[in-house]
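Please read the structure below before turning to the comments.
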Amino acid sequence: MTIAVVVLNWNGRALLEQFLPSVIRFSEEANIYVADNASTDDSIELLKEKFPGVKIIQNKENGGFAKGYNEALSKLNEDIFVLLNSDVEVTENWLKPIIEIFKNQPKTAAVQPKILDFKRKNYFEYAGAAGGYIDKYGYPFCRGRIFDSLEEDHGQYNDDASIFWASGACLVIRKNVYWEVGALDEDFFAHQEEIDLCWRIQNLGYQIKSCGNSAVYHVGGATLDSMNPKKTFFNFRNSLYMLLKNIPTPNVYGILFIRMVLDGVAGIKFIAEGKFSHFYAILKAHAGFYSNFNKIRSKRKNLIKNKHYFLTKSIIWSYFCLRRKEFLKLK
């Protein structure tokens with residue numbers, strides 16, 4: 001079973017210099033690639049000078065996370081792809097337990113390790129924690145992270161668990177399944193495209209797992225900070241894209257309507273907090289959704305009828321009203 005660890009880079013020279021050494025040191029089972037999204041800094045020069053054993057794939061443009069990876073992975077022949085953010089520090093033997101899952105579970109198509117916070121290493125990190133889920137209206141949350149509440153790692157998620165989505169910060173996936181489901185959706189550009197990918201994987205009958213015996217440390221926010229209105233735009237628009245593509249008939253339009261109402265509530269909250277640029281980002285997200293509605297709707301296929309894709313009906317109700325801020329309290 002051959003493995004390709006692929007780090008997507010765009011003007012991330014400092015991140016490559018800081019984090020590639022751990023990837024090289026602790027990923028001896030894998031071939032290591034950097035897929036460069038047409039960087040304008042000296043990332044390529046750094047790689048050639050300091051990391052000559054790392055293979056370089058140069059994309060012609062910055063097509064974002066989705067297109068950047070699709071272009072790079074199309075050039076590779078390894079059995080397993082590891083999509084790894086450039087701001088991730090890996091740990092000793094992090095790949096071995098993940099590969100064992102693939103060897104022993106042929107229906108498992110994608111796996112993520114525990115993702116911990118590089119700045120507070122005993123806490124889970126926002127982008128994935130110990131595996132992702134969504135509620136009925138498409139709001140993502142994780143074992144170890146609900147909205148902005150991050151749990152401390154006490155070993156409570158050290159099992160290998162079935163999850164709904166694996167984080168794009170460190171997504172390990174079988175090559176044949178990646179292409180079978182149609183790869184990452186380039187219309188998303190960035191944010192939540194891995195959730196859409198994992199949903200489509202499950203629509204074809206495969207499983208997604210979190211590996212409790214593997215851990216990596218993620219900085220987070222290195223590409224787009226959480227306070228960046230552009231991130232708000234992508235998250236709100238792409239969430240609507242994902243729901244339209246994947247929710248089983250006949251529930252899709254009713255759920256979309258409620259979700260859009262909830263987006264309006266979020267917009268009012270941004271106004272109350274004086275975050276007008278984020279309010280306008282939601283308006284732009286909805287406009288983008290409407291303008292691409294027919295294109296996204298045409299991608300509905302291989303849907304599982306009446307599948308309960310969600311773990312809880314409303315994570316907003318559980319979190320804000322019932323005050324359940326830890327994953328294990330949701331059940």
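Evaluating S22 against the criteria (1) outside any helix (DSSP H, G or I); (2) small (G, A, S); (3) closer than 15 Å to C170 by Cβ leaves one unmet condition, (1). In the set L8, L84, L47, L16, only one residue is touching a Cys at 6+ places or on another chain (Cβ under 6 Å) and buried (at least 20 other Cβ atoms within 10 Å of the Cβ); that residue is L84. Would you pick out the residues in the stretch 137-158 that are surrounded by fewer than 15 Cβ atoms within 10 Å (Cβ to Cβ), at pLDDT 95 or above and among the acidic types (D, E)? Of everything in the stretch 137-158, just one residue is surrounded by fewer than 15 Cβ atoms within 10 Å (Cβ to Cβ), at pLDDT 95 or above and among the acidic types (D, E), namely E152. Does any residue of the stretch 114-127 turn out to be free of Cβ contacts under 8 Å to residues at least 12 places away in the same chain, acidic (D, E) and not in a loop (DSSP other than H, G, I, E, B)? Within the stretch 114-127, none of the residues are free of Cβ contacts under 8 Å to residues at least 12 places away in the same chain, acidic (D, E) and not in a loop (DSSP other than H, G, I, E, B).
How many residues, within the stretch 272-287, are of a type in the set (S, T, Y) and exposed (fewer than 15 other Cβ atoms within 10 Å of the Cβ)?
Number satisfying all stated conditions: 1.
For G138, the conditions (1) in contact with a helix residue (DSSP H, G or I) (Cβ under 8 Å, 6 or more places away or on another chain); (2) not in a loop (DSSP other than H, G, I, E, B) all hold with the exception of (2). Within the stretch 198-218, residues that are small (G, A, S) and crowded, with 21+ Cβ neighbours inside 10 Å sit with their Cβ atoms under 7 Å from residues that are part of a helix (DSSP H, G or I) and modelled with pLDDT of 95 or more, at 6+ positions apart or across chains, in these pairs: S214/P97; S214/I98. Of all residues in the stretch 292-308, those being loosely packed, with under 10 Cβ neighbours inside 10 Å and assigned to a helix (DSSP H, G or I) number 1. Within the stretch 81-106, residues that are among the small types (G, A, S) sit with their Cβ atoms under 7 Å from residues that are at pLDDT 95 or above and surrounded by fewer than 23 Cβ atoms within 10 Å (Cβ to Cβ), at 6+ positions apart or across chains, in these pairs: S86/L15. Considering only the stretch 42-49, I want to know if a residue exists there that is among the polar types (S, T, N, Q), in the same structural domain as L73 (by TED's automatic domain parsing), at pLDDT 95 or above and in contact with a helix residue (DSSP H, G or I) (Cβ under 7 Å, 6 or more places away or on another chain). Checked the stretch 42-49: at least one residue is among the polar types (S, T, N, Q), in the same structural domain as L73 (by TED's automatic domain parsing), at pLDDT 95 or above and in contact with a helix residue (DSSP H, G or I) (Cβ under 7 Å, 6 or more places away or on another chain).
For (1) among the charged types (D, E, K, R); (2) without any contact (Cβ under 8 Å) to a residue 24 or more places away in the chain; (3) touching a Lys or Arg at 6+ places or on another chain (Cβ under 9 Å), each residue gets a yes or a no:
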residue	(1), (2), (3)
M260	no, no, no
K269	yes, yes, yes
H286	no, no, yes
Y309	no, no, yes
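The values are calculated or read from the model by the stated rules, or taken from the named source; none is laboratory data. Everything numeric here is computed off the predicted structure, so don't read it as measured data. Counting neighbours? That spans all protein chains shown, and the Cβs are built from the backbone with ideal geometry, glycine included.
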